[in-house]
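In what follows, a single structure is set out as structure tokens and then discussed.
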Amino acid sequence: MPTAQAAPPDLHQTLTALIHGRAKTGKSLMAASLTKPLLYLDVELGAQFLPMARRVWDPSTPIPRMDGTWDTAVVRCTSWDDAEAALDQVRSRAHPFKGIAVDSLQALQNRLIGKVAGPTSAVEIQQWGEILRMLQNFTEGLRDMTNHKRWPVMEVLVTCPTSLRDGTWGPHLRGQMGIIAPYLFDLTGYLYVEDEFNRKTNATVQVRKLRTRRTKDIEAGERVGGKIPAIYTLPMVTGTPEEVRKANVTFRKLRADVYRRVDGAPVGIAPPVPSEPPAPPASPPPSGGPAPDVPAQPVTPTGTATPKETTNG
Ligand SMILES: Nc1ncnc2c1ncn2[C@@H]1O[C@H](COP(=O)(O)OP(=O)(O)OP(=O)(O)O)[C@@H](O)[C@H]1O
Ligand SMILES: [Mg+2]
């Protein structure tokens, strides 16, 4: 049996995050960008499209050995039990992983509802309590892997679709979990896509951005002392699958930024950002088409930065 050892110092430089956003904004690609080796809980069953050196792992079997052919172990979670079995294994035995991603928490909640209430039956009131307890325990257990005494990971990321609830766009989860989930992570980010006009190339390109501060209608926030800008522009990741795989290090870079800025700097107070930015001007994009990131709801999570807000651009 391996003996308990203090984790190397860099393993304490951890970052946990919940990223929510509308469909096709880049949540899964960001989940694939964690430091390798990565454990990827693929609940939406879409990992086959992601640029990764994957090895599918059935969590009822031992953790696969690192043999140089893969850097991401993908667990295809067709049931709640698959996710639970994977987490149980990494909690209870030596593993190679530096990051764990769940794509998505909403799909996992659905699998759990299917387990507790049956695939077709209505959920009874007391079952909602059980579903909340099990999902919260799982999510906290996942997050606490960053503080595991023997086999810690550095990064944990969960993705979630977004939806409007009581006037706020937040993680699309049933019941109380939608309210609790943002409290559980260091960072809650709202991912969105914006059209930007590039004067040099005279072309409009889609840019992906992560909003890390709350607005009156978007759930977001951070507890890393303001070390991540209010609007974080994601690197554009393009090229051949191999190039994309190598360049896709967004989350790893985010974590590095958090700790790079802490070192030697006075720790703690986030720079102020306006709590309720004014609505952006309603100018159509150069194409004249509809605004790119505005859903057909009365309240729109544009995620647009105001001039005063900090950005990394
Ligand atoms: N940073 C990026 N640079 C370039 N392309 C990106 C980037 N992020 C995502 N994309 C592209 O956008 C598309 C959607 O990405 P992805 O599948 O990660 O989105 P998603 O939010 O997980 O979608 P869904 O809601 O369907 O799960 C993909 O073709 C992906 O390659
Ligand atoms: Mg996805």
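FYI, it's all coordinate maths here, none of it is from the lab. Nothing here was measured: the structure is a model prediction, and the numbers come from that model. When we count neighbours, we look across all protein chains shown, and the Cβ atoms used for this are built from the backbone with ideal geometry, even at glycine.
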Open item on the list: Under 19 Å between alpha carbons, and skipping anything fewer than 8 positions from Lys246 in its own chain: which aspartates and glutamates qualify?
Closed with: Asp67, Asp71, Glu155, Asp257
Task: Gyration tensor verdict on the range 111-209 (Cα atoms; rounded if a/c is under 1.5, prolate if a/b is larger than b/c, oblate otherwise) - done: oblate
Open item on the list: Which three extents, in angstrom, do the Cα atoms of the range 80-125 have along their principal axes, listed largest first?
Closed with: 40, 19, 16
- [ ] Can you tell me the order of 139-151, 36-48 when each peptide is scored by its average per-residue count of other Cβ atoms within 10 angstrom, highest first?
- [x] 36-48, 139-151
TODO: With just the Cα atoms of the range 11-262, tell me how far they stretch along each of the three principal axes, in Å, largest first.
DONE: 57, 49, 35
Open item on the list: I need the phi-derived Karplus couplings for the range 25-40: 6.51 cos²θ - 1.76 cosθ + 1.60, θ = phi - 60°, integer Hz, Gly and Pro marked x.
Closed with: 8, x, 5, 5, 4, 5, 5, 7, 9, 5, 4, 9, x, 10, 9, 10
Task: Packing-based ranking, highest mean first, of 187-196, 73-82, 87-96 given that Cβ atoms within 10 Å are counted - done: 187-196, 73-82, 87-96
Open item on the list: Can you work out the Karplus-derived ³J(HN,Hα) for every residue in the range 193-204? Use 6.51 cos²θ - 1.76 cosθ + 1.60 with θ = phi - 60°, whole Hz, and x for glycine or proline.
Closed with: 10, 10, 7, 10, 8, 9, 5, 5, 8, 6, 9, 9
Open item on the list: Tell me the Kirkwood radius of the range 158-218: reciprocal of the mean inverse pair distance over distinct alpha-carbon atoms, in Å.
Closed with: 13.4
- [ ] Among DSSP beta bridges whose residues both lie in the range 11-262, state the antiparallel percentage, nearest 5.
- [x] 40
Open item on the list: If you average the alpha carbon positions of the range 189-228 and of the range 119-186, how far apart do those two centres end up, in angstrom?
Closed with: 24
TODO: Among Lys253, Lys227, Lys24, rank each residue by its count of other Cβ atoms within 10 Å, from fewest to most, as a rough exposure measure.
DONE: Lys24, Lys253, Lys227
Task: Which of Glu243, Glu155 has the fewest Cβ neighbours within 10 Å, and the rest in rising order - done: Glu243, Glu155
Open item on the list: At 7 Å along Cα-to-Cβ for each site, give me the label-to-label distance between Lys149 and Val207 in nm.
Closed with: 4.8
Task: Amide H partners (placed H, <5 Å) of Val43, local residues excluded - done: Cys77, Asp103, Ser104
- [ ] Neighbouring Cβ atoms within 10 Å as the yardstick, rank Phe185, Phe251 fewest first.
- [x] Phe185, Phe251
Open item on the list: From Cα pairs below 8 angstrom and at least 6 apart in sequence, can you work out the relative contact order of the range 102-246, rounded to a whole percent?
Closed with: 17
Open item on the list: Using a 7 Å offset from Cα along Cα-Cβ at Arg93, what residues in the range 42-57 end up with backbone N under 16 Å from the label point?
Closed with: 57
Open item on the list: Rounded, prolate or oblate for the range 55-141? Axes are the square roots of the Cα gyration tensor eigenvalues, ordered a ≥ b ≥ c, and the cut-off for rounded is a/c under 1.5.
Closed with: prolate
Task: Cross-link partners of Lys149 among aspartates and glutamates (Cα-Cα below 20 Å; sequence separation of 8 or more within a chain) - done: Asp10, Glu84, Asp88, Glu140, Asp186
